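The values are calculated or read from the model by the stated rules, or taken from the named source; none is laboratory data. What you are looking at is a predicted structure, and each value in this text was computed from that prediction instead of being measured. Note that we place each Cβ from the backbone using ideal geometry, even for glycine, and neighbour counts take in every protein chain shown.
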Amino acid sequence: MNIVHVDERLVVVDKPSGLLSVPGRGPDKQDCASSRVQAIYPEALIVHRLDQATSGLLVLARGPDWQRALSREFAERRVAKRYVAVVQGQLEAAGWQLVDLPLSCDWPNRPRQQVDTALGKPALTRWHVLQPEGPGRTRIELEPVTGRTHQLRVHMAALGHPICGDLLYGPAEPSAERLLLHAAELSLLGQQFRAALPF
């Protein structure tokens, strides 16, 4: 796991796909991004999370005061995030597009989320095409305006273009060895961070 940036306020890492952001339940799920950072910076505290299958930029705060301050930045949408994904199907839309579909937890099938126009919480995603990616695939850039669980994955699946390798929202037969979703850019507190694309 690469450390992208360290200062007196925060630690930014490039989390690999397959690694949890925080410990899970059970002794086999204790290895995670936060514990690896805490082995070097014991005061580091998680500020936000990435899905286990998603790679890319993850922010930890240097102590509880900075955790509160950085959490406010995220809660008040003062953090800009951009993801790159490869989705199934050919997308040819010009310019930025907006997905406005409310989401809720699919309780009988947790951790799955679902589009829920009656009871769901507002969820907004901006996306645009970067380039075709071989036959039947498209590379896109995504900007989550809100930060719901699995938001990017559910929104693209709802459009009929699930992210390649998505075992929860894609076809039964995975179309890639991993989820092709990467948190590539993040801006906060006047700083911008980037993580090189692994796919």
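Structure above, values below:
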quantity	calculated
Hits in the range 127-170 - residues which are among the small types (Gly, Ala, Ser) and without any contact (Cβ under 8 Å) to a residue 60 or more places away in the chain	134, 136, 157, 158
So residue 19, is it touching a Cys at 6+ places or on another chain (Cβ under 8 Å), of a type in the set (A, V, I, L, M), within 21 Å of residue 194 (Cβ to Cβ) and modelled with pLDDT of 95 or more	yes
Within the range 154-167, tally of residues that are at pLDDT 95 or above, among the aliphatic types (A, V, I, L, M) and either more than 20 Å from residue 124 (Cα to Cα) or part of a strand (DSSP E or B) (or both)	1
Residue that is surrounded by the fewest Cβ atoms within 10 Å (Cβ to Cβ), among those in the range 113-124 that are over 14 Å from residue 152 (Cβ atoms) and touching a Leu at 6+ places or on another chain (Cβ under 9 Å)	117
Count of the range 47-64 residues which are crowded, with 20+ Cβ neighbours inside 10 Å and not in a loop (DSSP other than H, G, I, E, B)	7
Search result, residues across the range 172-195 that are in contact (Cβ under 8 Å) with a residue 60 or more places away in the chain and either hydroxyl-bearing (Ser, Thr, Tyr) or in a loop (DSSP other than H, G, I, E, B) (or both)	175, 176, 178, 179, 180, 187, 189, 195
Residues of the range 90-100 classified as loosely packed, with under 14 Cβ neighbours inside 10 Å and either closer than 17 Å to residue 176 by Cβ or in contact with an Asp or Glu (Cβ under 6 Å, 6 or more places away or on another chain) (or both), total	1
Residue within the range 100-108 that is touching a residue at least 40 places away in the same chain (Cβ under 8 Å), out of contact with any strand residue (DSSP E or B) (no Cβ under 8 Å at 6 or more places or on another chain), assigned to a loop (DSSP other than H, G, I, E, B) and within 30 Å of residue 131 (Cβ to Cβ) present	no
